[in-house]
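The values are calculated or read from the model by the stated rules, or taken from the named source; none is laboratory data. None of these values were measured; they are calculated from a predicted model. Note that each Cβ is placed from the backbone with ideal geometry, even for glycine, and that neighbours are counted across all protein chains shown. For accessibility, only protein heavy atoms count, side chains too; no ligands or nucleic acids. Shrake-Rupley method; radii C 1.70, N 1.55, O 1.52, S 1.80 Å.
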Amino acid sequence: MNVFSNAFYAVQKKRSELGPGYQPTINVSTKREANQVRIQVRDHGIGVPAALKQKIFPTLLHH
């Protein structure tokens, strides 16, 4: 649920910076991989600062 909240925040923040011409987009896709399911959430919002990526992504990728 937090991933979706972050995506909504990112696109709303970018819209407030760029104005009404910006169209927020969030894409969600799923893919079955062997005995697992991959869920991918993409947005074209403000992005994640580099310092924060180092804290977030190692945790997500190693579970």
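Things worth noting here:
- Largest GNM mean-square fluctuation among V11, V48, V37, using the chain with Cα springs under 10 Å: V37.
- Rounded to 10°, Cα long-axis angle of helix 50-61 versus longest principal axis of the chain: 30
- Protein heavy-atom accessible surface, 1.4 Å probe, per residue over the chain: 88 Å².
- Dipole magnitude for the chain: about 80 debye, using +1 per Lys or Arg Cβ and -1 per Asp or Glu Cβ, origin at the Cα centre.
- Angle in degrees between helix 2-18 and the longest Cα principal axis of the chain, rounded to the nearest 10: 20
- Computed on the Cα atoms alone, the convex hull of the chain gives a volume of 91 cubic angstrom per residue.
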